[in-house]
Amino acid sequence: MRPAFRAIFALTVAGTLAACAQQTADTAAATTSAWNTQQGDAPLNAEELTALVSDRELTYEDGSRSLVEADGDYTYVAPNGARFFWTWQATPEGAICLANERADARCDLLVRNGDAVISVNEQGKRFEIVEIAEL
């Protein structure tokens, strides 16, 4: 990536992540039901989330994977092998917020429920993380 484009991309992603993180904080402050949390769910804080996912490969129950790098790079690998590239950051509420070069953004709340770690998306769908391994 050329340096000028990299700088513009970094500013775009930073702005998108900040807006997504603020929306996530507003939603979390308003109600936890917006995330479809369930009895026994314990959301992680930013420090716990970062420690859990940084430089890790997360494998979900459907076989998809997330490669989460400490430098902010995030790659989602679909079950069919297709790859999608994002940038990530953790919010104080324990959400992982993603943005890409098209200014798409999303956040997922990570919770512990017993021994399980579950990712809850903004639509309320829940995905169990069945394995967490070092990259």
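Residues in region 71-98 that are aliphatic (A, V, I, L, M) and in contact with a Lys or Arg (Cβ under 8 Å, 6 or more places away or on another chain) were compared, and the one that is nearest to Leu52 (Cα to Cα) is Leu98.
Apart from one condition, Val68 fits all of (1) buried (at least 17 other Cβ atoms within 10 Å of the Cβ); (2) more than 18 Å from Ala51 (Cα to Cα); the exception is (2). Restricting attention to region 27-42, the residues that are loosely packed, with under 10 Cβ neighbours inside 10 Å and either at pLDDT 85 or above or among the aromatic types (Phe, Trp, Tyr) (or both) add up to 1. In region 31-43, the residues that are under 15 Å from Asp108 (Cα atoms) reach residues that are charged (D, E, K, R) and at pLDDT 85 or above with C-beta atoms within less than 6 angstrom, at least six apart or across chains, in these pairs: Ala42/Arg112. If the condition is being of a type outside the set (Val, Ile, Thr), in contact (Cβ under 8 Å) with a residue 60 or more places away in the chain and part of a strand (DSSP E or B), then region 120-135 contributes Arg126, Phe127, Glu128, Glu131, Ala133, Glu134. Within region 44-87, restricting attention to residues that are in a loop (DSSP other than H, G, I, E, B) and in contact with a Gly (Cβ under 6 Å, 6 or more places away or on another chain), which residue is farthest from Asp108 (Cα to Cα)? Residue satisfying both the conditions and the ranking: Pro79. Whether a residue is touching a residue at least 40 places away in the same chain (Cβ under 8 Å) and touching a helix residue (DSSP H, G or I) at 6+ places or on another chain (Cβ under 9 Å) was assessed, and Glu101 passes this test. The set of residues from region 104-114 being more than 13 Å from Thr91 (Cβ to Cβ) and either modelled with pLDDT under 95 or surrounded by 14 or more Cβ atoms within 10 Å (Cβ to Cβ) (or both) comprises Asp104, Val111, Arg112, Asn113. Of the residues Ala51, Ala82, only one is of a type in the set (Gly, Ala, Ser), modelled with pLDDT of 95 or more and within 14 Å of Leu135 (Cα to Cα); which? The unique qualifying residue is Ala51.
The values are calculated or read from the model by the stated rules, or taken from the named source; none is laboratory data. It should be emphasised that the depicted structure is a prediction, and the values quoted were computed from it without experimental measurement. We place every Cβ from the backbone using ideal geometry, glycine too, and count neighbours over all the protein chains shown.
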